[in-house]
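The values are calculated or read from the model by the stated rules, or taken from the named source; none is laboratory data. No experiment lies behind these values; they were computed from the predicted model shown. Glycine also receives a Cβ, built like all others from the backbone with ideal geometry; neighbour counts cover every protein chain displayed. Please note that ligands, DNA and RNA were not included when accessible areas were found on the heavy atoms of the full protein model with its side chains. Shrake-Rupley method; radii C 1.70, N 1.55, O 1.52, S 1.80 Å.
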Amino acid sequence: MPVRVEPDRTFREALAAADRPLVGMWVCSGSPLIAELCAGAGLDWLLIDAEHSPNGLESILAQLQAVRGYPVQAVVRPPVNDTVLLKQYLDLGVQDLLIPMVNSAAEAKAAVSAVRYPPHGMRGVGSALARASRWNRIPDYLARAGEIISVTVQIETEAAVAAVEEILAVDGVDAIFLGPSDLAASMGLLGQQEHPKVRTAVEHCLTAAKTAGKPGGVNAFNEATARAYMDAGASFVLVGADVALLARGTEALADRFIPTAPDGGAPVGGTGDTPSSY
């Protein structure tokens, strides 16, 4: 007799149940091993990224499988708000989506439509062949699919900030997430995500989300900034990334053990060759 499976809790449900901001990190390595390592760290959520990271359908599937069973929410960001691609992500078993570069209510509606079956949307029906329904082992999947998928849209341009109230009003948009880096770039402040104008725009959107009764989140690797945004009403934050932690950690390790030349040049005694042993 086949095993009956129940879907995991959605990010929407996790946010609704939380009594504090949910804290997470990016998983950008494309590695199921690293994803599983991060899943056991004690964070509330992970963002598996496919917009700026080397992730395809197969690697996303492997990471979903690697982190399942850990007490952490797995949210996935596709590279683009595309109906066909979102259908494929959903069929993999992605339940929580972060849609990048949503600049208007119309674009938000398109994302929601992509995750809902007709007559409420335009998601293609193929779940019996897919992990989404656990190959028809989730009872009544087709009828329940709308309840077990969450949609968070990313606000990361001046146009999106101007339209944030309309975006928040879209039925099926469960939360918004602020991307200060792209927002700064769209404001002519490339690389200045800490600029007062950028922070003011972020806080405006967080306030709008609170007024609309929906969670607002933000990316902030600087601890003081992250805490300030949480104090300003952010319901969820991303505070680090696997690749950044590995890069800075390995650099710090090298700095501790390898002396640097007084002029800042090559390490003293180093040849640049790969060590023959360790």
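How about the range 202-229: which of its residues are open to solvent by 50 Å² or more (accessible area, probe 1.4 Å) and of a type in the set (Ser, Thr, Tyr)? The answer is Thr207, Thr211. Within the range 230-249, being open to solvent by 10 Å² or more (accessible area, probe 1.4 Å) and of a type in the set (A, V, I, L, M, F, W, C) holds for Met230, Ala232, Val239, Val243, Ala244, Leu245, Leu246, Ala247. Looking for whichever is modelled with pLDDT of 95 or more, charged (D, E, K, R), closer than 16 Å to Asn81 by Cβ and surrounded by fewer than 21 Cβ atoms within 10 Å (Cβ to Cβ) here; the options are Arg123, Arg116. Which one fits? None of the other options fit; the residue is Arg116. For beta carbons closer than 8 Å, sequence separation of 6+ or different chains, a first residue in the range 30-59 that is under 28 Å from Ala17 (Cβ atoms) and a second that is hydroxyl-bearing (Ser, Thr, Tyr) and surrounded by 16 or more Cβ atoms within 10 Å (Cβ to Cβ), the qualifying pairs are Pro32/Ser59; Ala35/Ser29; Glu36/Tyr70; Ala39/Tyr70; Gly40/Tyr70. Per the listing Ala208, Ala220, the residue uniquely in contact with a Leu (Cβ under 8 Å, 6 or more places away or on another chain) and over 21 Å from Gln73 (Cβ atoms) is Ala208. Within the range 181-201, the set of residues being in contact with a Leu (Cβ under 7 Å, 6 or more places away or on another chain) and surrounded by 18 or more Cβ atoms within 10 Å (Cβ to Cβ) comprises Ala184, Val198, Ala201.
Close contacts from the range 180-204, counting a first residue that is free of Cβ contacts under 8 Å to residues at least 12 places away in the same chain and a second that is in a loop (DSSP other than H, G, I, E, B) and open to solvent by less than 30 Å² (accessible area, probe 1.4 Å), with Cβ to Cβ under 9 Å and a gap of 6+ residues or different chains, come to Ala185/Glu156; Ala185/Thr157; His195/Leu189; Lys197/Leu189.
Residues in the range 97-111 that are touching an Asp or Glu at 6+ places or on another chain (Cβ under 9 Å), over 15 Å from Thr157 (Cα atoms) and surrounded by 22 or more Cβ atoms within 10 Å (Cβ to Cβ): Leu98 alone. Looking at the range 29-41, can you tell me whether even one residue there is surrounded by fewer than 19 Cβ atoms within 10 Å (Cβ to Cβ), closer than 22 Å to Arg131 by Cα, modelled with pLDDT under 95 and of a type outside the set (Asp, Glu)? No - not one qualifying residue is present in the range 29-41.
Regarding the range 100-110, can at least one residue be identified that is touching a helix residue (DSSP H, G or I) at 6+ places or on another chain (Cβ under 7 Å) and closer than 19 Å to His52 by Cα? Within the range 100-110, one or more residues are touching a helix residue (DSSP H, G or I) at 6+ places or on another chain (Cβ under 7 Å) and closer than 19 Å to His52 by Cα.
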